Amino acid sequence: MTAELFCHGVTKHLGGRPILQALNLDVKAGEVVSLLGASGSGKTTLLRCIAGLMAPDAGTIKLDGKTVFGDGLTVAAEKRRIGMVFQDYALWPHMTVAGNLSFALQSQQLSASEIQARVENALELARLVPLRNRHPAELSGGQQQRVAIARCIAARPSLMLFDEPLSNLDAALREDMRTEMMDLVRHEGLTVVYVTHDQSEAMAVSDRIAVMRDGLLAQFASPQEIYDRPANAFVAGFIGGFSALPMVELGQSEGYLVIRPEDACPVTDYPDMTITGRVSARAFQGRCWRLTLEIGNSRVKIDWPNDVSLDQSLQFSLPPARRLTVHH
Amino acid sequence: MIHRGLIMRFSNANSLLSAASSTLVYLAFFLLIGLPLTLVVMQVIFPDVFNPSNPNFVMSFGPLGRIFSLPRVYLAILHSVELASLVGVLATILGGAFAVIVQRCDIPWRKTVGIIPWIVFLTPAYLKTVAWVLLMSPGGYLAEFGLLPPLTGSLFFAFPGLTLVHALGLFPFATFIIGNALRGLGSEMEDAARLGDVSLWRIWLKINLPLLAPALALSFIAIFAQVLSDFGLASTIARMSNFGVLTYEIYAATSSYPIDFPLAGTQSLVLLSLVTVAVVADRLLRRKDDLKLISGRSRPSRDYRLGYWGWVVTVMAFIVAFIALILPVGAVIIRALTRTLSEGMSLHNFTLVNLIEASNIHSMAFTALSNSLRYAVIASLISCAAAVLLALQLEGIGKFMRSSVMSLALASVAIPGIVFGFGYILMWNRLPFFKDFSFPHYGDSSLLITGYVGVALPYALIVVMASIGQLAPSLNDSARLFGVGGFRRVIRITLPLIAFSVLTGFILNFIHIMFELPVSQMLIPRTESPAPIYVLRLLNYDKDGLACALSLLSMLIAGGAALILWLGFRWVASRNGAANNGQWISTPSLTGDR
Amino acid sequence: MTLNGYKALPLVAAFVGFSFGASAADLTIYDALDFAPSAVKAFTAKTGVTVDVVEPGSTGEVLGKIAAEGDNPQFDIVWVDGSAVMERMLRDHILQAIPEDAISGVKYNEMGKSLLPKNRSFVPTGASTTAIEVNTKKVPSDQTPKSWADLEKFAGKVAAKDPNLSGPAFQWLAGYFQTNGIDTGKALLEKVLTNKALAGLSSGGKVNKAILTGDAVVGINQDSGIIAKAKAGEPVVAVYPADGSVALPIGLGVSAKTKRMDAVKKFIAFVTSAEGQTAMQAGDDTDFFFMPIIEGVKPKVERPSDIKFIVLDDAKAAAGEVEWKQWYKAKFVP
């Protein structure tokens, strides 16, 4: 039921613009990989290419060693045994929850009793049993999402694709849903490709993150790796409030200093480095204050234990182990 | 390896099949609409191509020039555009207002107000023509009541009256199109704005109206096209003033022997161009694709509470209903129940004679009626099936093709029936390949039905395409990923979701065909003549009474059939367990339930 | 559970199969006359020859259909009011000259003989004329117009048909110009038809309506129509002007490409016989009140015996047709 995914040299142009540029991606069986990037970075396009809803211009895609695209061969989306949770959940509005689940299974060459069994199983797993006869319009956003996932899981796909599944939920709900979703997925041991623009979400769910920019992979590594050692300023800027400060502001000629907000500490702790900036914005975060400092022409965000008034000058330092410089 | 080969061959065969079926559908469109039209229009440049004694392909641009040299012709063009534009705007506003108040406001008598557009929609235009003449003539019913001040009469049988009658007759189209879009709109975006404390008017101005813009534009263009091609109203109401329109000129050009085909063709070309300009302007102004509004996560919208204002709104709606419906239908009923017009409503003038004759199974009237019923059912079924097939093909192809076909359909609506009629005769009686066909064959009811399908198809297409266009593609995509094949997806997902629109299209076609005149005349079968011809004869011989009785009967049957179909549809839907609230099912808010 | 599409196809096929079963009759007639169905019924009862009667609407529509059919006509007989149009169709080889032997046996009366065309483009089967229709409730009897010129008194309230749309209206106009001279005739009409809303009506029924319930008090209309209305109880009367009016033949033409000449001849023989003419009077609509042109046949309603009939010079009428029709349209039709 789980499969490896192998993408090599996947290229796609849309409307004359290059969306994917010879992208390589490999996902091991049972692994959860996120495609993280801003809109227009090509992540949804890549997802749709993997699913077979779109055909790349060039490249190879293999599922479990079998080519689904490439070498002049294309396997239709209907035959790829891939499950996908869409951003709008794509629940068929005229069918009940149970109807949605069973219809999804009816084209899979299963016996009626097998279908019934799987539907029951999925309903239980996703805690949807009391809702089985409702229609999607009668469900809350979170419930609709559970149905979407349950529907996919019931079909026992070899690969699961998620297209920004949490972006339509209230912030408060998001974390709970995320946990629930990933529990289900891990429980089934599925291979997952998860598209999102929210880096904290990507960090939370993935075994590895593929950071995408303009159709290319900026970095493909585990969340820890990306957090500790972002490959470049772009990736650094993408992750958790990190700021990439051009070294020219500190008197150096090139490169960027990666500043993680939580690393900022008083100059007295590490006097060998002093960075000075002017407070241009402040936001209370409960545990601390997040200050935006203007340093020369750049802006940097740091977490500070106490409030500092606007336009005040502030100096801070970074622990030696946390002074990472990157290029471009 | 064998496995791979099979997969390849399968996907090749699949795409071959798909290409073949789409070609077939485009061919049908061309044969039903494109070719007949071309044959009429080509005579603009080749005036002698169908000359009975000396056919030839000599080119001449004389006919085109006549447009500009004949003042009455370019005046007619101007009038047509004026009228069509004004009616388009008015009817869209009125129709949109109805859609909003029925779907979104908690007005009293909501269900009744919701039915009004449907009944207006089911009342054929020419019936209203007869009715308004009955009402507003100096010797008519309103005069009898002393309700007709002298100036109103002459004002009515001119541009203002014509505009009013058109708008009151066509606003249901806007109600359905805008209502459909509104249904899919939901309140989420509004709610988001309201949380930010934005006033209701601003919400509508900045959020809802822009989102509804595609539907508003479609309403306008569809109504614009309909007014351009109207002949009945224009020839009766406007003729009495100096307000000639293009369709009348076309009729005049083709009403004697020999027919001035080049002039008729030129004028048809002008009508086509007018609509094309409107459509192109629309496309240019709104580059974005139509919003996908029926998605897998739509939620029902909430009502606006109007309080006392609700009563005001409802009363206004009833006034509209009165003028648009009750007054004209009442006039027709009275005329059906009276012997002569000159005696007006004096008691001894009332009689059941007309109704008895109209319902007498052995009468010519009844035979004609049953012929038309049969033709209308068959042609509407074919037309709707064709529209669904074509729309489905187009969904898979691309935005540009869809846009083009939609524009083509809208342009076809602008073609007067008489041009279609002639085009069909030229195609099926004169063209070498077609005239020897035995099915359909000129002179048989088979060709009449084909002609009906040709005039009805654009309407069905517009309704179905607009509806399919609102389905979120993810609904289909997700089914694909579950291995659901194309055919099954159409049957289990697409069709149920557009079913009500298809039903609307069917009823629309049915009514249109039941009362369609010019094609009926030109393609009249040797036996089994349809009803509209008979009714026209009655009207021409001043036998309004029987004509009204027959028309009433037709209307009742058509309305009754529509009601049965609609109820049946709702029953089936409820059997399938759908929530009555079903946003997705595009049920009109006859229920107004929430 | 869907309404249409695949599930309905068998239903459609059945229905269609049911509808498509048009039997080809022996003869096909295109006409715009009220009495055609009753005449045909009597004919078939007598001879056993089956006939399809095709009536798309008024004369205009019949002619339009024939014109569109062009060199592949689908009718055997065309039967309408009017003669000028038959001339044209003969010239264009849509019609053929009526065979000598079909006409020679007909016992025409005086009027009938005067209506026989020299080139045999049609067979006259009856006649009507144009008269002044007067609303007796709106016009006191002492003010009734007696001639076409008298209509000037009623300027602005005169209803008339547009000769572009009505064959009889054109024939009347041609006859009018023939008796009054073209220029005098035009001048007089311009004084009479001052109300454009009434001057370009498309049918006799509309003229009627205008006179009965509209703004008109008098009108120029086909006399059989006026008589029919009067018989039905409406307050109208037909006045035959002293300066005369064109006799309008009801013409029967034969398609140049008919394959059933023998049946056609039988039909012509029937409708020009006393029996046929009687069948043609068995009804209440306008055309049933035609003037018979066969020896010994009485009309349904007698006309005054002193009507002055003008015989139209068809050649001159054909020559001026296009120009006169355009003049009328420009002057009197909105």
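The values are calculated or read from the model by the stated rules, or taken from the named source; none is laboratory data. Since the structure is predicted, the reported quantities are computational estimates derived from the model, not experimental observations. Here the Cβ positions follow ideal geometry from the backbone for every residue, glycine too, while neighbour counts run over all protein chains shown.
Worth pointing out:
- Some residue of region C:120-127 being farther than 19 Å from C:Pro292 by Cβ and touching a residue at least 40 places away in the same chain (Cβ under 8 Å): yes
- Test: residue in region B:502-523 that is in contact with a Leu (Cβ under 9 Å, 6 or more places away or on another chain), more than 23 Å from B:Leu448 (Cβ to Cβ) and at pLDDT 85 or above: yes
- Search result, residues across region C:1-44 that are small (Gly, Ala, Ser), more than 26 Å from the chain's Cα centre (by Cα) and either outside any loop (DSSP other than H, G, I, E, B) or at pLDDT 50 or above (or both): C:Gly5, C:Ala8, C:Ala13, C:Ala14, C:Gly17, C:Ser19, C:Ser23, C:Ala24
- Condition met for C:Ser128 (in a loop (DSSP other than H, G, I, E, B) and among the hydroxyl-bearing types (Ser, Thr, Tyr)): no
- Whichever residue in region B:59-114 is charged (D, E, K, R) and within 28 Å of the chain's Cα centre (by Cα) and, among such residues, is surrounded by the most Cβ atoms within 10 Å (Cβ to Cβ): B:Arg110
- The sole residue among C:Ile268, C:Ile250 that is surrounded by 17 or more Cβ atoms within 10 Å (Cβ to Cβ), in a strand (DSSP E or B), more than 14 Å from every other protein chain (Cβ to nearest Cβ) and on the phi < 0 side of the Ramachandran plot is C:Ile250.
- Residues of region C:306-334 that are within 30 Å of C:Pro37 (Cα to Cα) and either of a type in the set (D, E, K, R) or without any contact (Cβ under 8 Å) to a residue 40 or more places away in the chain (or both): C:Asp314 alone.
- A:Ser107 modelled with pLDDT of 90 or more, over 30 Å from A:Ala22 (Cβ atoms), more than 22 Å from the chain's Cα centre (by Cα) and hydroxyl-bearing (Ser, Thr, Tyr): no
- Test: residue in region A:74-96 that is of a type in the set (Lys, Arg), more than 9 Å from every other protein chain (Cβ to nearest Cβ), out of contact with any Asp or Glu (no Cβ under 9 Å at 6 or more places or on another chain) and farther than 30 Å from A:Gly16 by Cβ: no
- Residue in region C:172-188 that is at the interface with chain B (Cβ under 9 Å from one of its Cβ atoms) and in contact with a helix residue (DSSP H, G or I) (Cβ under 8 Å, 6 or more places away or on another chain) present: no
- Test result for B:Ile418, within 10 Å of chain C (Cβ to nearest Cβ), farther than 11 Å from B:Leu39 by Cα and aliphatic (A, V, I, L, M): yes
- Scanning region C:57-88 for residues that are in contact with a strand residue (DSSP E or B) (Cβ under 7 Å, 6 or more places away or on another chain) and of a type in the set (S, T, N, Q) returns C:Thr59, C:Gln74, C:Ser83.
- Test: C:Ala210 is in contact (Cβ under 8 Å) with a residue 24 or more places away in the chain and over 19 Å from the mean Cα position of the chain (by Cα): yes
- Filtered residues of region C:45-68 (kept if surrounded by fewer than 22 Cβ atoms within 10 Å (Cβ to Cβ) and part of a helix (DSSP H, G or I)): C:Ala45, C:Lys46, C:Thr47
- Flag: A:Arg151 matches the condition of being in contact (Cβ under 8 Å) with a residue 12 or more places away in the chain and surrounded by 22 or more Cβ atoms within 10 Å (Cβ to Cβ).
- The residues in region C:40-94 that are aromatic (Phe, Trp, Tyr) and at the interface with chain B (Cβ under 10 Å from one of its Cβ atoms) can be counted, and the count is 1.
Per-residue answers, yes or no, for (1) exposed (fewer than 15 other Cβ atoms within 10 Å of the Cβ); (2) modelled with pLDDT under 75; (3) not aliphatic (A, V, I, L, M):
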| site | (1), (2), (3) |
| --- | --- |
| B:Lys292 | no, yes, yes |
| B:Arg299 | no, yes, yes |
| B:Gly307 | yes, no, yes |
| B:Trp311 | yes, no, yes |
| B:Thr314 | no, no, yes |
| B:Ala317 | no, no, no |
| B:Ala324 | no, no, no |
| B:Leu327 | no, no, no |
| B:Gly330 | no, no, yes |
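- The criterion of at least 1 residues that are within 14 Å of chain B (Cβ to nearest Cβ) and among the charged types (D, E, K, R) is met by the following helices (runs of 4 or more DSSP H) wholly inside region A:124-208: A:141-154.
- Elements of the type helices (runs of 4 or more DSSP H) sitting completely within region B:209-276 and holding at least 2 residues that are surrounded by fewer than 21 Cβ atoms within 10 Å (Cβ to Cβ), without any contact (Cβ under 8 Å) to a residue 60 or more places away in the chain and over 23 Å from the mean Cα position of the chain (by Cα): these cover B:209-229.
- Test result for A:Ala104, buried (at least 24 other Cβ atoms within 10 Å of the Cβ) and more than 8 Å from chain B (Cβ to nearest Cβ): no
Residue by residue, here is whether (1) of a type in the set (Lys, Arg); (2) over 18 Å from C:Met280 (Cα atoms); (3) surrounded by 24 or more Cβ atoms within 10 Å (Cβ to Cβ) holds:
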| position | (1), (2), (3) |
| --- | --- |
| C:Leu95 | no, yes, yes |
| C:Glu100 | no, yes, no |
| C:Ser104 | no, yes, no |
| C:Tyr108 | no, no, no |
| C:Ser114 | no, yes, no |
| C:Pro117 | no, yes, no |
| C:Arg120 | yes, yes, no |
| C:Val123 | no, no, yes |
| C:Thr130 | no, yes, yes |
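- Sole exception among (1) among the hydrophobic types (A, V, I, L, M, F, W, C); (2) out of contact with any Phe, Trp or Tyr (no Cβ under 6 Å at 6 or more places or on another chain); (3) surrounded by 22 or more Cβ atoms within 10 Å (Cβ to Cβ) for B:Ile334, by number: (3)
- The strands (runs of 3 or more DSSP E) falling completely within region A:3-82 that include 1 or more residues that are buried (at least 18 other Cβ atoms within 10 Å of the Cβ) and within 18 Å of the chain's Cα centre (by Cα) map to A:5-14, A:17-27, A:32-36.
- Selection within region C:199-214 - within 8 Å of chain B (Cβ to nearest Cβ) and hydrophobic (A, V, I, L, M, F, W, C): C:Leu212
- Of all residues in region C:231-241 being surrounded by fewer than 18 Cβ atoms within 10 Å (Cβ to Cβ) and touching an Asp or Glu at 6+ places or on another chain (Cβ under 9 Å), the one that is nearest to the other protein chains (Cβ to nearest Cβ): C:Ala232
- Scanning region C:142-170 for residues that are of a type in the set (Gly, Ala, Ser) and part of a loop (DSSP other than H, G, I, E, B) gives C:Ser147, C:Ala155, C:Gly156, C:Ala160, C:Ser166.
- Looking only at residues of region C:200-227 that are touching a Phe, Trp or Tyr at 6+ places or on another chain (Cβ under 7 Å) and surrounded by fewer than 24 Cβ atoms within 10 Å (Cβ to Cβ), we find that the one that is nearest to B:Thr254 (Cα to Cα) is C:Gly205.
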